[in-house]
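Notes to accompany the following structure.
The values are calculated or read from the model by the stated rules, or taken from the named source; none is laboratory data. Note that the structure is predicted; figures quoted are calculated from it, not measured. Glycine also receives a Cβ, built like all others from the backbone with ideal geometry; neighbour counts cover every protein chain displayed. To get the accessible areas, we keep the full protein, side chains included, count just its heavy atoms, and leave off ligands, DNA and RNA. Shrake-Rupley method; radii C 1.70, N 1.55, O 1.52, S 1.80 Å.
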Amino acid sequence: MEYNCYGQPIGPSLKESCFRELNATIIEGNTCDLIHASEGHAHVFYTDIFKKGLTPPAWTYLPFSSFPSEEAFADIFNKTFLSEDPYFFGIWDKEHSKVLGTLALMRNDRQNGVIEVGYVIYSQQLKKSIQATEAQYLLAKYVFEILGYRRYEWKCDSLNEPSKLAAQRLGFEYEGTFRQAVVYKNRNRDTSWFSMLDCEWERNKKRLEKWLSPGNFDQDGKQLLSLNDLK
């Protein structure tokens with residue numbers, strides 16, 4: 001514990017930090033790459049993910065509803081997916097040569113080294129796959145090791161149990177629930193907050209890398225140890 005000259009407890013002193021600019025165009029992995037969304041991607045995002053890749057329940061906790069046409073999607077894509085914040089990535093599945101999901105870095109607070117992962121949208125094909133976990137690993141590694149940020153956040157509807165379980169599986173710590181924080185789709189949302197800190201990244205990185213290693217899967221691709229087993 002540190003104290004100031006008045007004997008008051010204060011937060012620990014920090015080394016002078018230089019949080020880097022968010023400007024990645026591609027983050028390469030083994031089974032997937034994260035590709036920053038650009039103008040030429042609207043069609044492939046629509047056909048590979050949003051046209052038929054999501055089951056009806058998958059839309060429940062998204063901020064938008066299913067799109068009646070590619071033109072309707074293009075309008076949202078141009079307004080939201082091409083913005084600087086959120087900063088969108090498509091999850092490029094190397095095996096199938098398709099974009100099977102999205103992630104975005106958002107609410108970028110460069111001054112304090114804080115950023116949130118959001119718009120975690122997985123097609124049915126991507127869910128519970130190695131690529132789904134590797135995509136999260138790649139983004140977290142980018143946040144902590146390339147951007148040099150201190151805090152990485154995950155927020156979701158408090159009723160979205162799969163999202164909450166996913167956050168905890170990846171190593172995010174539950175911090176609490178902000179009541180009546182958001183209105184979307186004409187309904188209330190209490191928001192559950194999770195975070196991962198830079199001092200926690202090395203431990204979680206080792207867990208993720210051990211889980212992702214080829215030796216953790218049998219010849220049929222079934223995991224030998226779950227990520228929760230490695231905590």
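Which whole number of Å³ per residue matches the convex hull of the alpha-carbon atoms in the chain?
Here the figure is 148 Å³ per residue.
Grab the eigenvalues of the alpha-carbon gyration tensor for the range 156-207, scale each by 5, take roots, and send me the semi-axes largest first in whole angstrom.
26, 11, 7
Using a/c under 1.5 as the rounded threshold, could you call the range 74-149 rounded, prolate or oblate? The axes a ≥ b ≥ c are square roots of the C-alpha gyration tensor eigenvalues, and prolate needs a/b larger than b/c, oblate otherwise.
The shape class here is oblate.
Along the charge dipole of the range 164-231, Cβ charges K/R +1 and D/E -1, which of ALA181, SER192, PHE217 sits furthest on the positive end?
Toward the positive end, the furthest listed residue is ALA181.
Leaving ligands, DNA and RNA out of it, report the carbon-plus-sulfur percent of the accessible area of the chain at a 1.4 Å probe.
50
Suppose every Lys and Arg Cβ carries +1 and every Asp and Glu Cβ carries -1, with no other charges. What dipole size does the chain come out with about its Cα centre, to the nearest 20 debye?
Approximately 540 debye in magnitude.
Pulled fully out, how much extra length does the chain show between SER38 and LYS222, if you take 0.36 nm times their separation in residues and subtract their Cα-Cα distance?
Working: separation 184, 0.36 × 184 = 66.24 nm, distance 3.46 nm.
Result for the pair: 62.8 nm of gain on full extension.
Could you order peptides 28-36, 128-136, 185-193 by the average number of other Cβ atoms within 10 Å of their residues, highest first?
Descending mean neighbour count gives 128-136, 28-36, 185-193.
Would you mind telling me the antiparallel percentage of the DSSP bridges in the chain, rounded to 5?
Beta bridges within the chain, antiparallel portion: roughly 90 percent.
Tabulate in residue order the Karplus-calculated ³J(HN,Hα) for the range 13-25, using 6.51 cos²θ - 1.76 cosθ + 1.60 with θ = phi - 60°, rounded to whole Hz; enter x for Gly and Pro.
Residue by residue, the range 13-25 yields 5, 10, 5, 4, 9, 10, 7, 7, 6, 7, 8, 5, 9 Hz.
Hey, what's the chain come to in accessible area per residue, 1.4 Å probe, Å²?
Accessible area per residue: 56 Å².
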